[in-house]
Amino acid sequence: PDSCLTLCVCFEAAKTVKCVNRNLTAVPPDLPSYVRNLFITGTRLARLPAGAFPAQRLPDLSALNLSGNHLRAVEAGALAALPALRQLDLSGNPLVSLSPQAFGEGGSPLEELALRGALRNHSVLHSLAAVLQSGALHNLSRLELADNGLLLLPAGMFTALPSLRQLDLSNNSLVGLRNVSFQGLGQLQSLNLSDNSLGVLRNGTLAQFRGLPALRRIGLGRNTWVCDCAIEDLVTWLKETDQVEGKEALTCAYPDKMLGKALVKINSSDLNCSVPIDVPSQLQTSYVFLGIVLALIGAIFLLVLYLNRKGIKKWMHNIRDACRDHMEGYHYRYEINADPRLTNLSSNSDV
């Protein structure tokens with residue numbers, strides 16, 4: 001079609017259409033029906049409305065690359081009813097909104113989804129989690145979430161992806177995996193966690209790794225491993241597993257005395273386990289104990305006051321009487337000093 005020749009470059013033999021670095025603000029309406037590989041990149045495309053890619057006009061579309069645009073919103077039904085869609089790349093877009101119904105109600109045949117650098121607005125991460133948990137992408141085998149600055153992942157985000165084989169979480173800022181469940185990912189073969197801020201992997205996470213029969217490649221390089229007592233389980237696992245790529249290169253980042261030491265060469269004697277591991281927990285326990293002691297002392301004090309209330313009352317009366325006598329003496333002397341006649345009388349009283 002003329003519109004394809006004007007806005008895009010078409011390769012009918014390769015069944016490919018490329019709309020690259022064009023001044024597009026919407027998906028071209030007259031794409032050829034033979035297209036299997038569609039590239040719309042480097043454009044001003046800002047939103048994908050419902051029915052942006054009608055199935056009746058694009059029945060064979062299998063690879064869709066929408067990377068590097070200005071895409072902010074993927075609306076409900078925008079990617080629905082594409083019966084041949086297998087690969088989708090949304091990398092490099094400043095996504096703000098991703099509808100949980102973007103792939104339709106009946107699910108999608110999508111197998112590969114790339115979102116590198118597209119989740120910098122972290123509110124969209126929860127929308128993505130809702131899409132994944134809904135089961136709409138149950139055929140997904142490859143998921144790329146690298147380069148998004150992610151700190152934490154929503155709980156149960158990957159539990160509805162039974163076909164997932166490759167998961168890329170590299171180059172983020174993940175500080176822990178405590179709330180991340182890998183249960184049900186029986187087909188998972190590759191997990192990339194390199195270039196994050198992981199300080200330790202707990203026993204629960206390590207047990208999940210052991211329970212994934214197909215998992216053969218785990219990337220853990222360039223993380224900030226903290227080599228204290230909490231890392232013993234990770235060190236033991238590293239020494240016995242063959243799942244981790246380049247495990248000999250994993251080194252301690254903290255404390256200073258362990259800086260640069262290889263994790264697989266750490267022994268129990270190298271770790272200073274006399275220092276409490278969980279300092280906030282220790283402090284919290286100490287504050288609770290101190291509060292109980294102070295409450296007990298207060299209760300005892302009140303009990304003593306109650307039992308000795310008569311003696312205390314008598315003691316208070318004595319103090320009151322003593323103070324009253326003392327004040328009367330001051331008052332008497334003041335009256336004498338204030339009256340000249342009494343003053344003269346007092347001065348001549350010895351005559």
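For the reader, a short list of remarks on this structure follows.
- Given (1) at pLDDT 95 or above; (2) over 16 Å from the mean Cα position of the chain (by Cα); (3) open to solvent by 20 Å² or more (accessible area, probe 1.4 Å), number of the condition residue 197 does not satisfy: (2)
- Residues of region 194-203 that turn out to be touching a Lys or Arg at 6+ places or on another chain (Cβ under 7 Å) and not polar (S, T, N, Q), as a count: 2
- Candidate set from region 273-319 (those that are at pLDDT below 75 and among the charged types (D, E, K, R)); member that is nearest to the chain's Cα centre (by Cα): 278
- Residue in region 138-158 that is among the basic types (Lys, Arg) and either part of a loop (DSSP other than H, G, I, E, B) or under 16 Å from the mean Cα position of the chain (by Cα) (or both) present: no
- When residue 69 is tested against (1) modelled with pLDDT of 95 or more; (2) under 30 Å from the mean Cα position of the chain (by Cα); (3) surrounded by fewer than 18 Cβ atoms within 10 Å (Cβ to Cβ), just one condition goes unmet, and that condition is (3).
- Residue check for residue 267: touching an Asp or Glu at 6+ places or on another chain (Cβ under 9 Å) and either modelled with pLDDT of 95 or more or not aliphatic (A, V, I, L, M) (or both): no
- Scanning region 250-265 for residues that are open to solvent by 80 Å² or more (accessible area, probe 1.4 Å) and over 25 Å from the mean Cα position of the chain (by Cα) returns 256, 257, 259, 265.
- If the condition is being open to solvent by 30 Å² or more (accessible area, probe 1.4 Å) and closer than 24 Å to residue 144 by Cβ, then region 215-238 contributes 216, 217, 222, 224.
- Matching residues in region 115-135 - criterion: being open to solvent by 10 Å² or more (accessible area, probe 1.4 Å) and outside any helix (DSSP H, G or I): 116, 117, 120, 121, 122, 134, 135
The values are calculated or read from the model by the stated rules, or taken from the named source; none is laboratory data. Predicted, not measured: the structure shown is a model, and the values here were computed from it. For neighbour counting, all protein chains shown are included, and Cβ atoms are generated from backbone atoms with ideal geometry for every residue, glycine included. To get the accessible areas, we keep the full protein, side chains included, count just its heavy atoms, and leave off ligands, DNA and RNA. Shrake-Rupley method; radii C 1.70, N 1.55, O 1.52, S 1.80 Å.
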